[in-house]
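Colleague: Right, I'll just put the structure down here and ask away after.
The values are calculated or read from the model by the stated rules, or taken from the named source; none is laboratory data. Source: prediction; values computed, not measured. Every residue, glycine among them, receives a Cβ derived from its backbone with ideal geometry; neighbour counts consider all protein chains shown. We work out accessible area using only protein heavy atoms, side chains counted, and drop any ligands, DNA or RNA first. Shrake-Rupley method; radii C 1.70, N 1.55, O 1.52, S 1.80 Å.
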Amino acid sequence: AKRIHEIAVGQCGLAPQDLVFDVLTFTLGSGDPDSRDAGIETLEGIRRVKAELPGVMTVLGLSNISFGLAPAVRKILNSVFLAEAVAAGLDMAIVHASSILPLASIDDGDREAALALIYNKSENALFDFMKRFENRDMTADATGAADADVPVEKKLERAVIKGNRSGLDALLEEAR
């Protein structure tokens, strides 16, 4: 990145903001011991590019981080990783909008399990993350929470966060 920056900015006269560096990432879903720090290394890569090359932009193919995992579980990992990458300074992400969830709609325990995997907090982080979703029906609700026992206020909160207008009138009437 430094060499490209020197050539593009120093020799060719481009502005730093004209440069977009793809920071790349590898999957955390492979179980490969050599890839267990991929999340940490990618986030550090974003920070370093932004710190050492002021003004340049960064991009990341987000779903690579979760390659090999089940689709519904990938949504959780992708969403949590996107938030971490943006906090690290990521400017752009290559991502299908349907594979991202609002962080507020992700169960706190699921978010913590994703963070443990991203930051390689234990040798079993991948196993623990996958086991968390093993017997859960991920098709009904990406957070894993059943709606039957959820208070109406929480149902309203979820509908607003998800931008779901379907059934909103009935929920508002129930709350009233």
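Colleague: Name the pairs whose Cβ atoms lie under 6 Å apart, with the first residue in the stretch 159-176 and β-branched (Val, Ile, Thr), the second open to solvent by less than 70 Å² (accessible area, probe 1.4 Å), and 6 or more positions between them or separate chains?
Modeller: These pairs meet every condition: ILE161/PRO102; ILE161/ALA104; ILE161/SER105.
Colleague: For GLU153, which of the numbered conditions (1) at pLDDT 95 or above; (2) assigned to a helix (DSSP H, G or I) fails to hold?
Modeller: (1)
Colleague: Can you pull out every residue in the stretch 101-126 that is open to solvent by 60 Å² or more (accessible area, probe 1.4 Å) and either within 16 Å of ALA88 (Cβ to Cβ) or out of contact with any helix residue (DSSP H, G or I) (no Cβ under 7 Å at 6 or more places or on another chain) (or both)?
Modeller: LEU103, ASP107, ASP108, GLU112, TYR119, LYS121, GLU123, ASN124
Colleague: Something else now. Checking the condition over 24 Å from the mean Cα position of the chain (by Cα) and either assigned to a strand (DSSP E or B) or farther than 29 Å from LYS121 by Cα (or both), which residue from VAL9, VAL59 passes?
Modeller: Going through VAL9, VAL59 in turn, just one is over 24 Å from the mean Cα position of the chain (by Cα) and either assigned to a strand (DSSP E or B) or farther than 29 Å from LYS121 by Cα (or both): VAL9.
Colleague: Here are some residues: PHE81, PHE21. Which one is touching a strand residue (DSSP E or B) at 6+ places or on another chain (Cβ under 7 Å) and either surrounded by 17 or more Cβ atoms within 10 Å (Cβ to Cβ) or without any contact (Cβ under 8 Å) to a residue 12 or more places away in the chain (or both)?
Modeller: PHE21
Colleague: Could you list, in sequence order, the residues of the stretch 37-62 that are surrounded by fewer than 21 Cβ atoms within 10 Å (Cβ to Cβ) and either hydrophobic (A, V, I, L, M, F, W, C) or at pLDDT below 95 (or both)?
Modeller: The answer is ILE40, ALA51, LEU53, MET57, VAL59.
Colleague: Take SER30 and decide whether it is under 23 Å from PHE133 (Cα atoms) and surrounded by fewer than 19 Cβ atoms within 10 Å (Cβ to Cβ).
Modeller: For SER30, the condition - under 23 Å from PHE133 (Cα atoms) and surrounded by fewer than 19 Cβ atoms within 10 Å (Cβ to Cβ) - is met.
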